[in-house]
Amino acid sequence: MKSFKPQAWLLPQPVLILGTYDADGTPNAMNAAWGGQWDRNEIMVSLGSHATTDNLNRCGELTIGFATTDTLVAADYVGIVSGRKTPDKIAKAGWNSVKGEHVNAPVFECFPMTLECRVKEKLYESATGYYLIAEIVNIVCDEKYLAADGNPDVEKMKLITFDPVHLGYIELGKRVGDAFSAGKALK
Ligand SMILES: Cc1cc2nc3c(=O)[nH]c(=O)nc-3n(C[C@H](O)[C@H](O)[C@H](O)COP(=O)(O)O)c2cc1C
């Protein structure tokens, strides 16, 4: 086994797209890999100081979409360009959006599935950001990505994961087992 110094190499990491409205109502989005499920109906994101942070401080509502192979280029773009300097960033990304049904934040139509969220807590808030805890108030999924049982079909979505080691994006593959069940073979 080879050893490496401690670094942000938790695997796999998501590619979350946080959608908010700027002060004038223009949609904005940013890419976030440092996030995950916090509690049953809550997510967390380690959030720096961004246009998105300004928007959340003002409004407190956001959407979280999951980037895909088809949205990769624009998903990376919204992670390297700030709405603070490029207010028409979403027009440049080429994304259409509609206002969320349950939150005042944009749902980008290019994503298979989106969480509509409301800020619940800002942990360790400082000038450089905070750990965002947000409640999931609704989930929308494009009908194209539903399974036969009516629930979202993750296998159909071509979701991508962030590779923090080689700074890349990797497309998620196929289902390889049944959770809470495959292990029973060893009971
Ligand atoms: C792959 C990737 C992952 C990122 N993860 C995070 C993150 O977890 N938290 C964060 O605050 N910024 C993260 N960023 C940086 C923001 O997306 C970036 O600063 C963005 O331009 C902010 O946009 P805004 O100022 O328009 O809100 C990430 C960027 C990339 C490309």
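Any read-out appearing in this document is the output of simple, stated calculations on the displayed coordinates, not a laboratory observation. The model shown is predicted, which means the values in this text are computed figures rather than measured ones. Please note: Cβ atoms are built from the backbone with ideal geometry, for glycine as well, and neighbour counts cover all protein chains shown.
Below are the figures for this structure:
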{"read-out": "Flag for Asn31 being within 9 Å of the chain's Cα centre (by Cα) and either surrounded by 11 or more Cβ atoms within 10 Å (Cβ to Cβ) or touching a residue at least 60 places away in the same chain (Cβ under 8 Å) (or both)", "value": "yes"}
{"read-out": "Total residues in segment 99-125, condition closer than 20 Å to Thr68 by Cα and aromatic (Phe, Trp, Tyr)", "value": "2"}
{"read-out": "Residues (assigned to a loop (DSSP other than H, G, I, E, B) and either surrounded by 21 or more Cβ atoms within 10 Å (Cβ to Cβ) or away from the ligand (no atom under 12 Å from the Cβ) (or both)) located in segment 62-87", "value": "Ala67, Gly83"}
{"read-out": "Qualifying positions in segment 12-40 - within 18 Å of Lys85 (Cα to Cα) and within 12 Å of the ligand (Cβ to nearest atom)", "value": "Leu18, Gly19, Thr20, Tyr21, Asp22, Thr26, Pro27, Asn28, Ala29, Met30, Asn31"}
